[in-house]
Amino acid sequence: MNKLMILGAGVYQVPLIQKAKELGLETYVVSRKGDYPGFNYADHIIELDTTDSYSVLECAKKIRIDGIVTTGTDVAVKTIGIVCDILNLKGVSLRASKIVTDKAVMKEAFKYQVSSSDYRNIKSFEELQDAALQIGFPVMVKACDSSGSRGITKVSFKEELEKAYLCAMNETHTDHIVVEKFIQGIEIGVDAFVEDNEMKFCLPHNKFVYRTGEVTIPIGHSFPYFGNDLIINKIKKEMEKAIRATKLNNCAVNGDFIITNDNEVSVIEIGGRCGATCIPELIERYTGIDYYKQMILVALGEKADFSIHKKQPCMAQLLYSDVNGVIDSINYDKINLLRNGSNEIVLDYKAGDSVHKMENGTHRIGHVIAETEDITQFEELICKVKECIKIRKEDYSCEKDWNKYK
């Protein structure tokens, strides 16, 4: 029985773990100690921080794993790079992982090769002030090693820089952050897979977003992206350039792109893993590709099949709360009626659980997937599902201590 190590035991890793078990693999699921849903499906639980690369490596050596993989998070990508390099496994290399897990390093790799916005690497608030004035407002201030929109703020005026700086520094584990020119346009997602240095497919898709203050959080996606052939070809070319610039190979690739007002393409960033927010599920519904299976096969050194068998329009969106609170009740009878046909409704919490208001991509309380291209119909379904979940507001603070950066 092949041994697969899966980094992360959160809600986005659960389908990956389930697919590995369905394929008859022995699963070793790694995460910090905690009540993570993925542990319920693992053959073996390994309580290690996925960012503790060398502890994970030593564990992988002892187990003699045949492959290592993650999905939906950048946190564990560098660890995968180290394990793959040392154990000669197929997957992201350490060199590539270092590029795609630090936005400053990535932007430098993009320079002169990939269409991307002007930027500066910042190590102090004074540097941020000078750089923002040089680049010109509005700008984006970003933590270099975060995901899920954490530590990212759009800044339109000089007076907003300090708060944005503190927000970014509060989320990063590095000594620097990035400021870059804000590009006006429509943000889309782009998912691809590169195997043996060949991009097997490239799928742009539309994004649904939730805005809170100056932060925009992706909360859903829809396939297909209805751009014209010229734009789609530009997207594919820029993705190929970004993959080459970052040295990614034998992995899923998730990207955020901007389609500008004059129909040009600008790459915000890419990651060496599959996108979150139901991206693998949507890819399977849209193309017929069993995406979790193909990710696992490549990690095990086997040939994958990325043949597109169909093109079924589909949409997904996270369920979330606008307030900090407690779930009073859930009308499961009505939810079960809404699960008709191809609709998938998943709830991460039950009545009595506390929930966090939506402030970043980790604050989901579930998701809804439907096979449709009718956005009005989909929004009606979302509203009906939300009506089934009653949340009582409770005032409690989840703020982190920003004072340490003042």
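A few comments on the model shown:
- From the list 61, 19, 33, the one residue that fits, being more than 23 Å from residue 246 (Cα to Cα), part of a loop (DSSP other than H, G, I, E, B) and either modelled with pLDDT of 95 or more or among the charged types (D, E, K, R) (or both), is 33.
- Within the stretch 1-50, being among the hydroxyl-bearing types (Ser, Thr, Tyr), touching a Ser or Thr at 6+ places or on another chain (Cβ under 8 Å) and free of Cβ contacts under 8 Å to residues at least 40 places away in the same chain holds for 31, 41.
- Looking only at the stretch 130-145, residues that are farther than 12 Å from residue 104 by Cα and surrounded by 16 or more Cβ atoms within 10 Å (Cβ to Cβ) come to 6 in all.
- Some residue of the stretch 292-299 being surrounded by 14 or more Cβ atoms within 10 Å (Cβ to Cβ) and free of Cβ contacts under 8 Å to residues at least 24 places away in the same chain: yes
- The single condition among (1) at pLDDT 95 or above; (2) surrounded by fewer than 17 Cβ atoms within 10 Å (Cβ to Cβ); (3) out of contact with any Phe, Trp or Tyr (no Cβ under 9 Å at 6 or more places or on another chain) that residue 41 does not meet is (2).
- Taken residue by residue, the stretch 165-180 has at least one member that is in a loop (DSSP other than H, G, I, E, B) and of a type in the set (Val, Ile, Thr).
- Candidates 372, 362: the one that is more than 19 Å from the chain's Cα centre (by Cα) and either surrounded by 12 or more Cβ atoms within 10 Å (Cβ to Cβ) or not in a loop (DSSP other than H, G, I, E, B) (or both) is 372.
- Test for residue 327: is it crowded, with 19+ Cβ neighbours inside 10 Å and farther than 25 Å from residue 273 by Cβ: yes
Yes/no matrix, rows are residues, columns are (1) crowded, with 24+ Cβ neighbours inside 10 Å; (2) acidic (Asp, Glu); (3) over 15 Å from residue 244 (Cβ atoms):
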site	(1), (2), (3)
72	yes, no, yes
78	no, no, yes
87	no, no, yes
92	yes, no, no
109	no, no, no
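The values are calculated or read from the model by the stated rules, or taken from the named source; none is laboratory data. Keep in mind it's a predicted model, so treat the numbers as computed, not measured. As a convention, Cβ positions derive from the backbone with ideal geometry for all residues, glycine included, and neighbour counts pool all protein chains shown.
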